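The values are calculated or read from the model by the stated rules, or taken from the named source; none is laboratory data. Here the structure is a predicted model, which is why all the values come from computation and not from measurement. Positions of Cβ are backbone-derived with ideal geometry, glycine not excepted, and every protein chain shown enters the neighbour counts. Surface areas here come from the heavy atoms of the whole protein model, side chains and all, with no ligands, DNA or RNA. Shrake-Rupley method; radii C 1.70, N 1.55, O 1.52, S 1.80 Å.
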Amino acid sequence: MPYDPANPLAARAAEILRANDTGALIKAAPSLYPHQWSWDAAFITVGLAHVDLDRAVAEMRHLLRGQWRNGMIPQIQFNPDVDKYAYFPDAGRWAVQLVTTDAPRTVHTSGIVQPPVHAMAVRQLCENAEPERAREIAREFFAPLREWHRYLLSARDPENSGLVTIVHPWESGMDNSPRWDAALARIEVPADDLPPYTRRDLTHVSDPSQRPTDADYDRYLWIVEVLKRGSYRVESMYERLPFRVKDVFFSALLVNANESLIRIATLADADLDDLDLIEEWIQRGRRGLAESWHEELGRCLDTDLITGEAINVDTIALLSPILAGQLSPTMRDVMKNLWRSTIFTGAPGLRWPLPPSTSTGAQQFNPTRYWRGPVWPVINWLMWYAWNRMGEFAIADELRQAALDQIETTGFYEYMNPLTGEGLGTDRQSWTAAAVLDLLSVDNVTEGSQEP
Ligand code: 2M8
């Protein structure tokens, strides 16, 4: 279904993206996030592809200006037009150009990553384009995406496990999820060695209880310091890094992204060697996820590499297998039951049957604090996309309806209280708008989403 400006929700979503567009990049949010974030840009591309394909292509092209020579697509590309005090840590704090020649010379970026949803976005661009234009788009983006995935499967997987190691909670995209509590709590911040700083997020979100704590912020900044002192060369300081986790959600998204990359490679007439390589990455990823499955618990879990222990917390990451897809019939049932159980959409007291970022029954559940309970519209979108891809249309349709109702009632917030439906964080968040645009184009996604 093409974008319909007569639909008020769609028109409002498109207007939010236009308002957040600086002409060069689309800010993740009007003031809390005034730069280009990596996975936000990919989600934005997915939604914008319905409204203005060329602008969506340009968004992805802009993001890739920030790609490092080692293939890494950084978490943030800084907007040169905003005041350096608008967001912290700013480009000066990351200082990537001072410490590594891998970073681009003229574009300022941070020095870590975010989840790899970019190939999925480029695949969406191709699916929304006429055949010749689709081939052009595939040819433009194939090699940079292949190098990005190669980076993740080499520098971030020295064990050859098929699972990606994240070295900072920000890399997971779910900054202060309780998944990271124990690993983070272990980090001792040497007070005399952490350069002073002022948080900026609290000037935009009036209630500090919706954001991470100061103690966690110190740890976030300390890991940045360690990475900077090691010139952001994760491979060479791997064993010394204070935070090292095999992230199943990230790794499942990489499997999904590699499947999209196969499609892009085919359209781009890539070499057979490339196709074989990507196929091998997919198999490796699936093996890694299978090994993260704890039969006795019935769960797919992250592993803290420093202790060697599995991280057993009831968060949205338990649903990672559905992102990778191709589940056995048994596993498919396990995931469907989990989705409908009281851990997720069947939890008592939910305003809508939408999955809380941390289960309402978990001891760490907090309905208003960042990634510790609220519902995230962009995660609803991702889950909808995954269920559709698996051919589970009943679940997907129910989810779509609830996700759209939520936004229609609450607004285009960054996250919502799962119990009251109250909008939290920033309003007019770009990826929330993008999710709405794609949710409103059902026939497009449903038809094109059989398992690869
Ligand atoms: C949040 O993260 C940034 C750091 O990357 C922050 O808290 O300042 C997360 O929700 C992340 O997933 C998201 O990409 C970013 C921008 O929307 O905000």
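Structure notes:
- Rounded, prolate or oblate (a/c below 1.5 giving rounded, otherwise prolate when a/b exceeds b/c) for region 79-136 by Cα gyration tensor: prolate
- 222 nm mean residue ellipticity, helices alone, for the chain (DSSP H n ≥ 4; -39,500 (n - 2.57); rounded to 500): -14000 deg cm²/dmol
- Of the GluC sites (Glu not before Pro) found in region 39-148, none is in coil by DSSP with at most 14 other Cβ atoms within 10 Å of its Cβ.
- Contour minus Cα-Cα distance for residue 409 and residue 393 (0.36 nm per residue): 3.4 nm
- Largest accessible area first, the residues 151, 413 order themselves as 413, 151 under a 1.4 Å probe with ligands, DNA and RNA left out.
- Inter-label distance for residue 154 and residue 273, nm, one decimal - labels placed 7 Å from Cα along Cα-to-Cβ: 1.3
- As a calculated quantity, the FRET efficiency between residue 331 and residue 81 at R0 = 51 Å, using C-beta atoms, amounts to about 0.60.
- Accessible heavy-atom area order of 412, 88, highest first, probe of 1.4 Å: 88, 412
- Region 202-309: C-alpha gyration tensor shape, a/c 1.5 cut-off, then a/b vs b/c: prolate
- Per-atom-type breakdown for the chain gives carbon and sulfur 50% of the accessible area (1.4 Å probe, protein chains only).
- A cut-off under 13 angstrom between Cβ atoms defines the neighbours of residue 130, and their net charge, with Lys, Arg +1 and Asp, Glu -1, is -2.
- Global size of region 322-437: 13.6, 40 Å for Rg and Dmax (C-alpha atoms, Rg to one decimal, Dmax whole).
- Region 88-188 - Debye-derived log10 I(q)/I(0), Cα point model, q = 0.18 Å⁻¹: -1.10
- Counting all C-alpha pairs of the chain, share separated by more than 41 Å (%): 8
- Extension gain from residue 1 to residue 307, taking 0.36 nm per residue of separation minus the Cα-Cα distance: 105.2 nm
- Our note on the geometry: Cα centres of region 335-388 and region 182-237, 27 Å apart.
- Taking amide hydrogens as placed 1.01 Å from N in the peptide plane, the amide H of residue 302 sits under 5 Å from those of 248, 311, each at least 5 positions away in sequence or on another chain.
- Pairwise Lys count, the chain - Cα closer than 28 Å, eight or more residues apart or different chains: 5
- Cut-off under 5 Å, modelled amide H: who pairs with residue 415 long-range: 424, 426
- Calculated log₁₀ intensity ratio I(q)/I(0) where the Debye formula runs over C-alpha points of region 25-110, q = 0.16, 0.20, 0.22 Å⁻¹: -0.60, -0.90, -1.05
- Modelled spin-label separation between residue 192 and residue 235, with each label point placed 7 Å from Cα along the Cα-to-Cβ direction: 3.7 nm.
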